[in-house]
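Below is one structure, written out as structure tokens; the observations come after it.
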Amino acid sequence: TSCPRGSLLYRVWFGKSASTMSVIGSVCWGSSKPVTRQQIESRIKEQVVRYVPALRPGFAPPGGSLTSIPVIFWTGQPTSFKPPSFSLSGHSVSITARPTWRWSWGDGASVWKSVAGAQYPSRQITYQYRSPGRYNVGVTTVWSARYTVAGIDTFDASGEVLRQSRTLNVPIQTARTVLVSH
């Protein structure tokens, strides 16, 4: 009775699961349909993809290393980021995205890290090779996100938001022992 002719009054329910759903208000809709959680998360993915920091990995020493001496690695990314908030159906939506990184060392070993690493003297991410060679080191960033709908609640974005991958070619040489006289 309070909506314009040709539109219907809908109760708007929102929650993290069916058992936590509650009415947050009502809205008049004409030929368009109410916004769903899937539509919100699709918009979130668009925002995250647009602003996600580039993956710029590196290693030190830059020319490679010797067997049994650890190589220092970094991702060149922050441990979280917040793209600009946006409005969806009259509600402000803010996002916080956090990465985890999977390092594949090129010799069959791999590890997940929640730290970004940094250049020397940091030793947050290191790896020690036992044999000489050229190793293709892969790093993959997996971004997950939480979003807050102002006045409603904070939610985990379902599924994986975004993946980025890069490869580094790391040369490792054999250390040689040399005897010298005094």
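Restricting attention to segment 43-69, the residues that are farther than 18 Å from Asn169 by Cβ and either basic (Lys, Arg) or without any contact (Cβ under 8 Å) to a residue 60 or more places away in the chain (or both) add up to 7.
Of all residues in segment 134-158, those satisfying the criterion of being more than 23 Å from Arg56 (Cα to Cα) and touching a residue at least 12 places away in the same chain (Cβ under 8 Å) are Arg146, Tyr147, Thr148, Val149, Ala150, Gly151, Ile152, Asp153, Phe155, Asp156, Ala157, Ser158.
Val137 meets each of the listed conditions (1) under 22 Å from the mean Cα position of the chain (by Cα); (2) farther than 30 Å from Lys16 by Cα; (3) at pLDDT below 95 apart from (3). Scanning segment 108-128 for residues that are open to solvent by 70 Å² or more (accessible area, probe 1.4 Å) and touching a residue at least 12 places away in the same chain (Cβ under 8 Å) returns Trp112, Ser114, Gln119, Tyr120, Arg123, Gln124. Residue pairs whose Cβ atoms lie under 7 Å apart, sitting 6 or more positions apart in sequence or on different chains, and linking a residue in segment 171-182 that is closer than 20 Å to Tyr135 by Cα and modelled with pLDDT of 80 or more to a partner that is assigned to a strand (DSSP E or B) and of a type in the set (D, E, K, R), are Pro171/Arg134.
Residues in segment 146-159 include none that are open to solvent by less than 60 Å² (accessible area, probe 1.4 Å) and under 11 Å from the mean Cα position of the chain (by Cα). If the condition is being more than 20 Å from Pro53 (Cα to Cα), of a type in the set (S, T, N, Q) and in contact with a Phe, Trp or Tyr (Cβ under 9 Å, 6 or more places away or on another chain), then segment 129-180 contributes Thr148, Thr154, Asn169. Might you check whether a residue that is farther than 19 Å from Ile40 by Cβ, open to solvent by 60 Å² or more (accessible area, probe 1.4 Å) and polar (S, T, N, Q) occurs anywhere in segment 84-98? Looking for residues that are farther than 19 Å from Ile40 by Cβ, open to solvent by 60 Å² or more (accessible area, probe 1.4 Å) and polar (S, T, N, Q), one finds none in segment 84-98, hence no. Condition check for Arg102 on (1) open to solvent by 50 Å² or more (accessible area, probe 1.4 Å); (2) touching a residue at least 40 places away in the same chain (Cβ under 8 Å); (3) part of a loop (DSSP other than H, G, I, E, B); (4) not small (Gly, Ala, Ser): one failure, at (3).
Screening segment 1-82 for strands (runs of 3 or more DSSP E) wholly inside it with 2 or more residues that are surrounded by 11 or more Cβ atoms within 10 Å (Cβ to Cβ) and modelled with pLDDT under 80 returns the ranges 8-14, 22-29.
Looking only at segment 160-182, residues that are open to solvent by 80 Å² or more (accessible area, probe 1.4 Å) and under 25 Å from Leu66 (Cα atoms) come to 9 in all.
The values are calculated or read from the model by the stated rules, or taken from the named source; none is laboratory data. Just so it is clear, the structure is predicted and the values come from calculations on it, not from any experiment. Note that we place each Cβ from the backbone using ideal geometry, even for glycine, and neighbour counts take in every protein chain shown. Ligands, DNA and RNA are excluded from the accessible area calculation, which covers all protein heavy atoms including side chains. Shrake-Rupley method; radii C 1.70, N 1.55, O 1.52, S 1.80 Å.
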